[in-house]
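Asker: What follows is a single structure, and I will ask about it in a moment.
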Amino acid sequence: MKHLHDKTLENILNYSDKERILSVKKFKWIGYTNAIKIHKKLEDLRDYPKTLRMPNLLLIGDSNNGKTVLLNKFAENNNSFVDENTQELILPVLMVQAPPDPDEKRFYNSILEGLFAPYKNSEKIEARQQRVIHLLKKVNLKVLIIDEIHHLLAGTTSKQRTFLNVIKYLSNELKISIVCSGTREAFNAIQTDPQLANRFEPKILSKWQFDEEYLRLLASFEKILPLKEPSHLIERSLANTILIKSEGLLGEISKILELSTILAIETGIEKINKNILDNIDYISPSDRKKMIFR
């Protein structure tokens with residue numbers, strides 16, 4: 001079983017089939033090239049010295065193509081800690097989700113919840129804003145990540161403008177970098193404010209294509225899938241089938257490999273082949289949409 005990482009091999013030798021199937025369902029992080037580049041950019045923002053005009057980042061990509069996973073990984077790598085010298089709590093990175101509509105109050109609530117700080121619904125918006133700023137300064141925040149920023153477009157033009165002004169105000173007042181993430185509509189959301197748009201550097205997570213990078217991704221997956229036999233996922237026919245089924249979305253690729261691994265274990269075949277891929281209980285994103293419209 002030379003095709004496996006040492007830890008995966010250890011799991012196969014010590015786990016039952018049921019435990020192996022459970023391990024497949026757990027989150028798996030694959031550090032592909034573009035993700036590593038974006039992580040490096042995020043680290044640069046975290047370490048950027050305070051200036052009057054802090055650099056920001058806009059991460060754009062299709063739904064289920066790895067944006068949130070990538071940002072979650074960065075946030076987890078920058079968890080809160082206690083400064084040994086001052087004994088104060090430090091939180092370098094905070095990740096929140098944009099509210100379903102551009103509501104300033106709900107946005108502040110999300111930040112307070114991320115800080116485990118209580119709040120009252122009766123609290124006035126000005127007081128809530130000042131408390132958010134005070135707490136974020138106190139924990140020495142460096143980067144604020146706002147996921148699903150395309151939710152901004154669900155509101156009126158007036159509410160969109162107010163919400164964007166809040167983002168600008170926090171960046172200016174705290175002198176922190178802000179990272180916004182969302183679908184391609186997120187670009188339109190930020191562009192509604194030319195001043196803010198000029199501050200955000202766009203980074204795009206494109207759909208996967210059949211190239212060397214995609215084959216490296218499959219090779220990395222094969223090393224962590226707990227199957228006793230090599231699947232040779234980079235073989236052209238298998239790789240192409242996975243790419244077509246997934247429509248080039250990373251989350252879909254991961255799901256296809258998860259379902260295929262489970263079926264390979266349950267059937268005793270212990271590898272992913274064309275027959276396994278054809279028999280998993282999986283519906284492509286496009287077919288799901290067609291089912292809804294039908």
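Asker: Going by what's in this entry, would Lys289 be described as basic (Lys, Arg) and either surrounded by fewer than 17 Cβ atoms within 10 Å (Cβ to Cβ) or modelled with pLDDT under 95 (or both)? Spell out how you get there, then give the answer.
Answerer: Numbers: basic (Lys, Arg): yes; either surrounded by fewer than 17 Cβ atoms within 10 Å (Cβ to Cβ) or modelled with pLDDT under 95 (or both): yes.
Answer is yes for this residue.
Asker: Can you tell me which condition Leu233 does not meet? The list is (1) open to solvent by 10 Å² or more (accessible area, probe 1.4 Å); (2) over 30 Å from His151 (Cα atoms); (3) of a type in the set (A, V, I, L, M, F, W, C), and all the others hold.
Answerer: Only one criterion in (1) open to solvent by 10 Å² or more (accessible area, probe 1.4 Å); (2) over 30 Å from His151 (Cα atoms); (3) of a type in the set (A, V, I, L, M, F, W, C) is unmet by Leu233, namely (1).
Asker: For the stretch 237-256, how many residues are among the polar types (S, T, N, Q) and within 12 Å of Pro285 (Cα to Cα)? Give the derivation first.
Answerer: Taking the stretch 237-256 first, the residues among the polar types (S, T, N, Q) are 237, 240-241, 246, 254.
Still in the list and also within 12 Å of Pro285 (Cα to Cα): 246.
Count: 1.
Asker: From (1) of a type in the set (S, T, N, Q); (2) touching a residue at least 60 places away in the same chain (Cβ under 8 Å); (3) open to solvent by 30 Å² or more (accessible area, probe 1.4 Å); (4) within 26 Å of Ser254 (Cβ to Cβ), pick out the condition that doesn't hold for Thr51.
Answerer: (4)
Asker: OK, next. Taking Leu196 as the residue in question, decide whether it is within 30 Å of Lys105 (Cβ to Cβ), open to solvent by less than 50 Å² (accessible area, probe 1.4 Å), under 24 Å from the mean Cα position of the chain (by Cα) and at pLDDT below 95.
Answerer: Values: within 30 Å of Lys105 (Cβ to Cβ): yes; open to solvent by less than 50 Å² (accessible area, probe 1.4 Å): yes; under 24 Å from the mean Cα position of the chain (by Cα): yes; at pLDDT below 95: yes.
Yes, satisfied.
Asker: Within the group Lys159, Lys137, which residue is more than 25 Å from Lys67 (Cα to Cα) and in contact with a Pro (Cβ under 7 Å, 6 or more places away or on another chain)?
Answerer: Details: Lys137 fails: in contact with a Pro (Cβ under 7 Å, 6 or more places away or on another chain).
After ruling out the rest, the residue left standing is Lys159.
Asker: Hey, another quick one. Could you say whether any residue in the stretch 262-277 is assigned to a loop (DSSP other than H, G, I, E, B), in contact (Cβ under 8 Å) with a residue 12 or more places away in the chain and out of contact with any helix residue (DSSP H, G or I) (no Cβ under 8 Å at 6 or more places or on another chain)? Break it down stepwise before answering.
Answerer: Going through the stretch 262-277, the residues assigned to a loop (DSSP other than H, G, I, E, B) turn out to be 268-273.
Checking the rest, the ones that are also in contact (Cβ under 8 Å) with a residue 12 or more places away in the chain come to 269-273.
Now drop any that are not out of contact with any helix residue (DSSP H, G or I) (no Cβ under 8 Å at 6 or more places or on another chain), which leaves none.
The answer is no; no qualifying residue exists.
Every residue, every condition in (1) free of Cβ contacts under 8 Å to residues at least 24 places away in the same chain; (2) part of a loop (DSSP other than H, G, I, E, B); (3) among the polar types (S, T, N, Q); (4) surrounded by fewer than 20 Cβ atoms within 10 Å (Cβ to Cβ), yes or no:
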site	(1), (2), (3), (4)
Lys120	yes, yes, no, yes
Ala127	yes, no, no, yes
Val132	no, no, no, no
Lys137	no, no, no, yes
Leu141	no, yes, no, no
Ile146	no, no, no, no
His151	no, no, no, no
Lys159	no, no, no, yes
Phe163	no, no, no, no
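Asker: Is at least one residue of the stretch 93-108 among the aromatic types (Phe, Trp, Tyr) and in contact with a Lys or Arg (Cβ under 8 Å, 6 or more places away or on another chain)?
Answerer: Start the filter on the stretch 93-108 by keeping residues that are among the aromatic types (Phe, Trp, Tyr), which leaves 107-108.
In the following step, the residues that additionally are in contact with a Lys or Arg (Cβ under 8 Å, 6 or more places away or on another chain) were identified as 108.
Yes: one or more hits.
Asker: I would also like to ask the following. Looking at the stretch 81-98, can you tell me whether even one residue there is out of contact with any Phe, Trp or Tyr (no Cβ under 9 Å at 6 or more places or on another chain) and under 22 Å from Thr162 (Cα atoms)? I'd like the intermediate steps shown before the answer.
Answerer: We begin by selecting, within the stretch 81-98, every residue out of contact with any Phe, Trp or Tyr (no Cβ under 9 Å at 6 or more places or on another chain); these are 81-88, 94, 97.
If we keep only those that are under 22 Å from Thr162 (Cα atoms) as well, we get 94, 97.
Looking for residues that are out of contact with any Phe, Trp or Tyr (no Cβ under 9 Å at 6 or more places or on another chain) and under 22 Å from Thr162 (Cα atoms), one finds at least one in the stretch 81-98, hence yes.
Asker: Follow-up. Looking at the stretch 87-110, which of its residues are under 19 Å from the mean Cα position of the chain (by Cα) and in a strand (DSSP E or B)?
Answerer: Those that are under 19 Å from the mean Cα position of the chain (by Cα) and in a strand (DSSP E or B): Val93, Leu94, Met95, Val96, Gln97.
Asker: Can we say Lys271 is surrounded by 18 or more Cβ atoms within 10 Å (Cβ to Cβ) and over 18 Å from Ile30 (Cβ atoms)? Can you show your working first?
Answerer: On the way: surrounded by 18 or more Cβ atoms within 10 Å (Cβ to Cβ): yes; over 18 Å from Ile30 (Cβ atoms): yes.
For Lys271, the condition - surrounded by 18 or more Cβ atoms within 10 Å (Cβ to Cβ) and over 18 Å from Ile30 (Cβ atoms) - is met.
Asker: Another question, if that's okay. Inspect the stretch 170-187 for any residue being touching a His at 6+ places or on another chain (Cβ under 8 Å) and part of a helix (DSSP H, G or I) and give the result as yes or no.
Answerer: Within the stretch 170-187, one or more residues are touching a His at 6+ places or on another chain (Cβ under 8 Å) and part of a helix (DSSP H, G or I).
Asker: How many residues does the stretch 1-18 hold that are open to solvent by less than 100 Å² (accessible area, probe 1.4 Å), part of a helix (DSSP H, G or I) and among the aliphatic types (A, V, I, L, M)? Even if it seems obvious, please write down each step before you answer.
Answerer: As a first pass, look at the stretch 1-18 and keep what is open to solvent by less than 100 Å² (accessible area, probe 1.4 Å): 1, 3-5, 8-9, 11-12, 15-17.
After this cut, where a residue has to be part of a helix (DSSP H, G or I) as well, the list is 8-9, 11-12, 17.
So of that shortlist, the ones also among the aliphatic types (A, V, I, L, M) come out as 9, 12.
Residues that pass the stated criteria total 2.
Asker: While we're here: If you go through the stretch 241-294 one residue at a time, how many are touching a Phe, Trp or Tyr at 6+ places or on another chain (Cβ under 6 Å) and more than 24 Å from Tyr32 (Cβ to Cβ)?
Answerer: Of the residues in the stretch 241-294, 0 are touching a Phe, Trp or Tyr at 6+ places or on another chain (Cβ under 6 Å) and more than 24 Å from Tyr32 (Cβ to Cβ).
Asker: Using the structure shown, decide if Ile256 is over 28 Å from Leu205 (Cα atoms) and in a helix (DSSP H, G or I).
Answerer: Numbers: over 28 Å from Leu205 (Cα atoms): no; in a helix (DSSP H, G or I): yes.
Here the answer is no, as Ile256 does not meet what is asked.
The values are calculated or read from the model by the stated rules, or taken from the named source; none is laboratory data. Being a predicted model, the structure only gives us computed values, none of them experimental. Cβ atoms come from the backbone with ideal geometry, glycine included; neighbour counts cover every protein chain shown. When the accessible area is computed, the model is the full protein with side chains, heavy atoms only, and any ligands, DNA or RNA have been set aside. Shrake-Rupley method; radii C 1.70, N 1.55, O 1.52, S 1.80 Å.
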